[in-house]
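Derivation of every value follows stated rules applied to the coordinates shown; laboratory data play no part. Not measured: the values here are computed from a predicted model. Positions of Cβ are backbone-derived with ideal geometry, glycine not excepted, and every protein chain shown enters the neighbour counts.
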Amino acid sequence: MSKKKKNNKKSKRIWGGVVTVALFAALFAFAGVYIKNYPVEKDVKLVATQPKALKAKKTVAEKDIWGYPFAKCYTKKIKYLSGQRYGKTDVCRRVYPKKSYFHDGWDFGWSEVGNKAAVLAIHPGTVKKVAYYTGLGWYIWVVSPDCYVEVYQEGFANRSDITVKAGQKVKLGDKLGRLTDSHLHLGITKTSADYISKHGHPYKNYWRDNDTWLNPMKVITDSLQLQEDVKEYNAKAASYNAKAASYNAKAASYNEKLAAKKKKLKVEESKHPYHYLKSFIK
């Protein structure tokens, strides 16, 4: 065989090898791209829709619930005079041995809340005493489970104007009696305070601004604002929860369909020829 023929044979073998390698390379590349872009595998990886968490309803603890002593206070905007308000006023409360303009409570006049208007419990508690004492008139002394004390005084002309008795439990808004005097003086303190006189009546330190007596209107209005805030929050939460529940129902339906689709795709995928290419490449 001539040298020229031998060279041609060798050249053909070389080019045949190159072509074979190129074909295998092309096949591997095609298989890799095919596997990478295989739509079924992408579908199987679809993520389920997550449900929305519902908002819990808020409540106001009993110790934080207070109310007005008269129904009209809720509906009528009352302008109280300086002498009716808690704290330092323009009315002298004590002359000897030292003058004091401090008012230890809040006065509600019959001209503002109505003559013979029902006097309502401003906080849950137990009636400790119903009694008469000079300067206080007939009064109702209530002690609450959270250690607050409420004193309703100067508003009852007679014992018969008071409808509760010692030992009786009262709830917020319960009727305690009716206003038959010029005004009701409302005092709030705590059992830990030094508020009981040596005669056993709840008025000690009435002239001293030393935190024995608290501001009734602040205690009440702070509570009412809290109750209103919670009410508003619950209304918004209820609206949100209704929408969230509808969304969650749709999400559950979608996820159920998606699970069925994934199951079907898994079966189809297991039978697809791309698996043979994938295993061949590996």
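In terms of packing, defined here as the mean over residues of other Cβ atoms within 10 angstrom, the peptides 252-261, 177-186, 153-162, 81-90 line up highest first as 177-186, 153-162, 81-90, 252-261. With both labels modelled 7 Å from their Cα along Cα-to-Cβ, the Asp194 to Tyr233 distance reads 3.9 nm. Between Tyr101 and Glu62, what's the calculated FRET efficiency when r is the beta-carbon distance and R0 is 25 Å? Round to 0.05. My answer for the efficiency is 0.10. With the cut-off at under 14 Å, measuring from each backbone N in segment 108-139 to a point 7 Å along the Cα-to-Cβ line of Leu226 picks out 123-124.
What shape does segment 62-154 take by its C-alpha gyration tensor, where a ≥ b ≥ c are the square roots of the eigenvalues and a/c under 1.5 counts as rounded, a/b above b/c as prolate, and the rest as oblate? Here segment 62-154 falls in the oblate category.
Less than 13 Å Cβ to Cβ from Asp229, Lys/Arg counted +1 and Asp/Glu -1: what total charge do the surrounding residues give?
Around Asp229, the charge tally is -1.
Taking a ≥ b ≥ c as the square roots of the eigenvalues of the Cα gyration tensor, segment 62-230 is classed as rounded, since a/c falls below 1.5. Dipole size of segment 62-230 about its Cα centre, with +1 on Lys/Arg Cβ and -1 on Asp/Glu Cβ: approximately 520 debye, rounded to the nearest 20. The Cβ shell under 14 Å around Lys190 holds other residues with a net charge of -2, Lys and Arg each +1, Asp and Glu each -1.
Electrostatic bookkeeping for Lys58 treats Lys and Arg as +1 and Asp and Glu as -1; over the other residues with beta carbon under 11 Å from its beta carbon, the sum is +2.
How would you order 165-176, 111-122 from highest to lowest mean count of nearby Cβ atoms within 10 Å?
111-122, 165-176
What shape does segment 97-147 take by its C-alpha gyration tensor, where a ≥ b ≥ c are the square roots of the eigenvalues and a/c under 1.5 counts as rounded, a/b above b/c as prolate, and the rest as oblate? Oblate is the answer for segment 97-147, as a/c is 1.5 or above yet b/c matches or exceeds a/b. At a Förster distance of 22 Å, what's the computed FRET efficiency of Gln168 paired with Tyr74, Cβ-Cβ distance as r, to 0.05? E between Gln168 and Tyr74, to the nearest 0.05, is 0.35. What the Cβ-Cβ distance of Ala242 and Lys262 gives, at R0 = 41 Å and to the nearest 0.05, is a FRET efficiency of 0.85.
Given +1 at the Cβ of Lys and Arg, -1 at the Cβ of Asp and Glu and no other charges, the dipole of segment 205-269 around its Cα centre is 840 debye to the nearest 20.
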